[in-house]
Amino acid sequence: MNINTTIDFNEKKGFVCDMDGVIYHGNQILNGVREFIQWLHDEKKEYLFLTNNSGYTPRELNQKLARMGLDVSEEHFYTSALATAAFLKNQAPGCSVFAIGEAGLLNALYDAGITMNDVNPDYVVVGEGRSYSLDTLTKAINLVLKGAKLIGANSDVSGPIENGIAPGCRALVAPIEMATGTQAYFCGKPNPLMMRTGLNLLGCHSAEAVMVGDRMDTDVISGMESGMSTVLVLSGVSTRETLKTYAYRPSIVLNGVGDIAAMARAHKKAE
Ligand SMILES: [Mg+2]
């Protein structure tokens, strides 16, 4: 089955792009990324770089890309921490939380008008990072037992680090679920909520937008379920082989984001 239907990227207004495996691997920028970002700027496209990592603030992500020689300003980043804060602000404006996580999560919550409370919070919110300990875990469990609702920033079970893997947010939330018999709600990808709030930020309708990612199980599914066109790039986790094992497919499969700019330019010339 040839799944490559063609997309005229010139006609799309907004681009939502995953980062790890799409823009970079670790601290290594991927091929074609510079050309892709230049094209987004030249064509005045709306765009968001998305990550499930809740630990970094948009400013830190801006600096990370700057170290790779890419100039992407803060408003172009959207993290699972920002999606979590947007969710809570919408569900319970002015609510209080007991949060376990890094600056990215804490800043996002403060910016959304949410206060910290370790006595009787409305929610326990968990992101990945080093502030997790037996003490914070125990605190979280007892607050959930007292009635706080349990929220995870994202449902990634693990993530790559230099010498192996680190437990992801899902794995950190699991002990709280087990000890309390409660199920957490997760705000990041693949929850389509993150795509919808991202599209709102871009001011785009889903039909005018494209989701670009390297994972079928988070990026492509959440883009597809939000009604966006989806691009699977083979520069990260998914391969042409693993792609066949899913019941859904992306709109198009490309080697990397550089192909988006190249295809759009070729399309324009052909007209
Ligand atoms: Mg990725």
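The values are calculated or read from the model by the stated rules, or taken from the named source; none is laboratory data. Since the model is a prediction, treat every value here as computed from it, not as a measurement. FYI the Cβ positions are ideal-geometry reconstructions off the backbone, even for glycines, and counts take in every protein chain you see.
Residue check: ARG34 meets all listed conditions (1) in contact with a helix residue (DSSP H, G or I) (Cβ under 8 Å, 6 or more places away or on another chain); (2) modelled with pLDDT of 95 or more but one, namely (1). All of ALA166, ALA171, ALA140 fail the test of being free of Cβ contacts under 8 Å to residues at least 60 places away in the same chain, among the small types (Gly, Ala, Ser) and over 30 Å from GLN28 (Cβ atoms), apart from ALA140. The set of residues in segment 71-85 being over 13 Å from the mean Cα position of the chain (by Cα) and either assigned to a strand (DSSP E or B) or more than 15 Å from VAL126 (Cα to Cα) (or both) consists of ASP71, VAL72, SER73, GLU74, GLU75. Number of residues in segment 1-29 that are modelled with pLDDT of 95 or more, surrounded by fewer than 13 Cβ atoms within 10 Å (Cβ to Cβ) and either among the hydrophobic types (A, V, I, L, M, F, W, C) or within 16 Å of the ligand (Cβ to nearest atom) (or both): the value is 0.
Of the helices (runs of 4 or more DSSP H) lying entirely inside segment 139-245, those containing at least 2 residues that are within 16 Å of the ligand (Cβ to nearest atom) and surrounded by 15 or more Cβ atoms within 10 Å (Cβ to Cβ) are 169-180, 192-202, 221-225. A single entry from LEU243, LEU232 fulfils the requirement of being modelled with pLDDT of 95 or more, among the hydrophobic types (A, V, I, L, M, F, W, C) and within 25 Å of GLY26 (Cα to Cα): LEU232.
If I filter segment 30-48 for residues that are away from the ligand (no atom under 16 Å from the Cβ), crowded, with 23+ Cβ neighbours inside 10 Å and under 24 Å from PRO190 (Cβ atoms), do I get at least one hit? The answer is no; no qualifying residue exists.
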